[in-house]
Structure formats: structure tokens, C-alpha cells
Amino acid sequence: MHYEGMIIRPPSEAGSILLQVTVGCSRNKCTFCGAYMGERFKIKSDEIVQADIAFAAQYCQRQRRVFLCDGDALIIPQKRLISILTDIRKQLPWVTRVGAYANVKSLKLKTPEELETLKSLGLGILYMGLETGDDVTLKAIHKGALSDEMIQMGQKARTSGMKLSVTVLLGIAGRERSQIHARETGRVLSAIDPEYVGALSLMLIPGTPLHDDYEAGRFILIEPDEMLQELRTMIAETHLTRGLFHANHASNYLPIRAKLPVEQAATLALIDQALAGEIALKPEYLRAL
């Protein structure tokens, strides 16, 4: 396989064939993200992608899923995406699902009919980084979209029939807007109603603008108990028809996997126990991105 730069994939795609079809992220301006610093975005050539699919056909016959790397594979023009998915279907007939990251920009570029076509060719799940539903914080972190657009594009993805996994980031609003961030994120998640929500805890990365703000005293990184308070409010304000709310990433202080709405009350009670000191939190040395 031909890999360039840093390869990023969702935790749930750990066992997938990682097929790199783009390098970097088409936006690459978020203040907290250091994944693609200094990396110029590009779409990889058809020849390289086809060679990697052929490699997977020979050596990856036990893996049932494919994830299209890097940060924004959905930005690829429709004709080329159709070609990639068609090649995967022909050469990897045992693959049951293809996944990819998506953002507001790439979802805007696809019509509902185009998304349905991609779904019919095997693209079964999209991963969307919301980070927060708070418009003030979305502007501050240079996300490139506000909450109304996040809702519209999230609903657009859901309407296509593809599953949607939305990522949110605990601590991203700092101390002053912590609870506002939690409530507004719950509001946006409820409006999108995705199948999956993944909550990560902010870890500052040296070299990023947000880390610079932290060093200069312009951003306050909240404490573990404040992150838990934020998580509690967020879950309390999130009303899904039927979804999984994960906060079991390696960065999180308290691993949580809750079916909403049926396990909402029990999950809030568990967080209350942790806040009361009855459940130990993950020590810092075990946290990682």
C-alpha cells in the first residue's frame, strides 16, 4: 500500500483496509488539529489507488471493511468516487462496507441523488466532525461552518441512507463557554439524530494555534471534573431516536458507551458517581490521541 504523511482513521475502523485516496484535509484550518500541519491537500492518482486496491485484493481477504483516508475523501469529484467504489466492489467482493470522513464543504458539493448513488455502491457510513454546536466556539476554532449548516448537512447525509457518526470534542470551548458548548452540542446532535456520536476529550497539540492560545493564557483547558460535567450536560441534552453515544476514546477520562435514549438515565447516574469520587478516572499517563 502507498501511504503518504499521517494516516488518520476513526477508532471503529481499526480493523478496516485503510485505502488512502487523498492526502491531508481539504480545509486544514481548525485551530485544535495538528494532524495535517504543513501538509498540502491532494487527491491521489487513479493509478496508485488502483494499485492499492489490487494489493488489498491479494493480501487483505480477511478484512470486511474499507476506510477511505485521509481527512476528507468525500471531496473527491463524483465520477472518480464512483470509479473507486466500483473497483472496490469488483476486486474486493467480500467487503461489506466502505467508510469515509465528510465535512460541511464536501457534503454541500454532493446532491442528495449523488449521495444515494455512493450509498448504492457500498459507501455505508460517513464520519463528520461537529466538535461543538456552539456558534461562538465554531467561529473561534475556524471550523468553517455554523450550527445551522452542520444540522443541514448532517440531515442530508442521513437522508441518503448512509449511517452517520458525529464527533464532538469535550473541552473545546474552554471554561467560560463550557456549559453553553455542552447544551448547544446536545441541541445540534438531537436535530441531526445520527446513529453514532463519539465524544473525545481535548488534548492540546504543540504547534497548533489553540496550543499557542493556551500558552499565552488566552485559552483555559478545563480540568477532568469539568470535562465530566460537560459530558453530563451534553448527554442530558442529546435526544436521539436510536443511537449510540460513545465516550470511550483513549483521550477520555471515563469510558462510556450508552444506547440512547434507553440508557440515558443510567449513564447520567454513572457520571454522577464519577463526579462524587466513587469511580476512579483514567490517569493522565494513559490518555492519548
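Side notes on the structure shown:
- When the residues of segment 175-207 are filtered to those that are among the hydroxyl-bearing types (Ser, Thr, Tyr) and not in a helix (DSSP H, G or I), the one that is modelled with the highest pLDDT is Tyr196.
- Any chance Ser12 is under 29 Å from Met203 (Cβ atoms), modelled with pLDDT under 95 and part of a loop (DSSP other than H, G, I, E, B): no
- Restricted to segment 154-171, and to residues there that are closer than 15 Å to Arg183 by Cα and among the aliphatic types (A, V, I, L, M), the residue that is nearest to the chain's Cα centre (by Cα) is Val168.
- Residue identified as assigned to a helix (DSSP H, G or I), of a type outside the set (Phe, Trp, Tyr), at pLDDT 95 or above and closer than 16 Å to Leu126 by Cβ among Leu81, Leu68: Leu81
- Within segment 75-122, the set of residues being among the acidic types (Asp, Glu) and closer than 23 Å to Ile8 by Cβ comprises Asp87 only.
- The criterion of at least 1 residues that are of a type in the set (D, E, K, R) and surrounded by 23 or more Cβ atoms within 10 Å (Cβ to Cβ) is met by none of the helices (runs of 4 or more DSSP H) falling completely within segment 87-174.
- Within segment 110-144, tally of residues that are of a type in the set (Asp, Glu) and farther than 20 Å from Leu68 by Cα: 4
- Residue match in segment 37-51 (condition: under 30 Å from Gly207 (Cα atoms), in contact with a Gly (Cβ under 9 Å, 6 or more places away or on another chain), in a strand (DSSP E or B) and in contact (Cβ under 8 Å) with a residue 40 or more places away in the chain): no
The values are calculated or read from the model by the stated rules, or taken from the named source; none is laboratory data. Given the structure is predicted, the values throughout are model-derived calculations rather than measurements. Neighbour counts run over all protein chains shown; Cβ positions are idealised from the backbone, glycine included.
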